[in-house]
Amino acid sequence: MADTEKTLLIVDDQEGIRTALHFLLEDSGYIVITAEDGREAVKIIQKQPVDLVITDILMPEMDGLELITFLRKYNPNLPCIAISAGDPNFLKVGQYLGADRILEKPFSKDQLKNLITDLLVCEPR
């Protein structure tokens, strides 16, 4: 079981993905918050602390690459996982900009859970 004190922020413009990840991670013991784009995520992060961000790359308004850039300036130690079903090069750019891990959609529940666990127990950046 996960550490119930850890708060995860899921950022994805597809409601079905946000909902599925929300239930999966909440069932794993995390506190889960969701945002539909980077702009909404920034507002959330500025109001309350989160322990890890999972962001899609391709989104309207503020995309995941812009969000990752913001995160690295706002809180360089905040772990971030970039996810995308689009061109894998976008994930590579996300990693270059500071995403700690990248994951191409579709991915398994175990792949995501393992990345989260690894990032939450690692030493800060």
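The values are calculated or read from the model by the stated rules, or taken from the named source; none is laboratory data. Owing to the predicted nature of the structure, the values given are computational and were not obtained by experimental measurement. Counting neighbours? That spans all protein chains shown, and the Cβs are built from the backbone with ideal geometry, glycine included.
When 40, 66, 26, 5 are screened for being of a type in the set (D, E, K, R) and part of a loop (DSSP other than H, G, I, E, B), only 5 passes. In the set (1) aliphatic (A, V, I, L, M); (2) in a helix (DSSP H, G or I); (3) closer than 13 Å to residue 41 by Cβ, residue 116 fails one condition alone, (3). Taken together, 12, 37, 51 contain a single residue that is farther than 17 Å from residue 105 by Cα, at pLDDT 95 or above, in contact with a Lys or Arg (Cβ under 6 Å, 6 or more places away or on another chain) and charged (D, E, K, R), which is 51. The listed residues are 54, 83, 17, 102, and the only one of them that is outside any helix (DSSP H, G or I), of a type in the set (A, V, I, L, M, F, W, C), touching an Asp or Glu at 6+ places or on another chain (Cβ under 9 Å) and over 18 Å from residue 6 (Cβ atoms) turns out to be 83. Among the residues in segment 62-85, are any among the basic types (Lys, Arg) and under 24 Å from residue 20 (Cα atoms)? Checking segment 62-85: not a single residue is among the basic types (Lys, Arg) and under 24 Å from residue 20 (Cα atoms).
Among residues of segment 38-74 being among the basic types (Lys, Arg) and surrounded by 15 or more Cβ atoms within 10 Å (Cβ to Cβ), the one that is farthest from residue 118 (Cα to Cα) is 39. Screening residue 77 with (1) touching a Lys or Arg at 6+ places or on another chain (Cβ under 9 Å); (2) within 15 Å of residue 6 (Cβ to Cβ); (3) surrounded by 15 or more Cβ atoms within 10 Å (Cβ to Cβ); (4) without any contact (Cβ under 8 Å) to a residue 60 or more places away in the chain gives one miss only, at (3). In summary, residue 35 fulfils each of the numbered conditions (1) of a type outside the set (Val, Ile, Thr); (2) surrounded by 19 or more Cβ atoms within 10 Å (Cβ to Cβ); (3) within 18 Å of residue 115 (Cβ to Cβ) with the single exception of condition (3).
Residues in segment 86-104 that are at pLDDT below 95 and either within 16 Å of residue 8 (Cα to Cα) or exposed (fewer than 13 other Cβ atoms within 10 Å of the Cβ) (or both): 86, 87, 88, 89.
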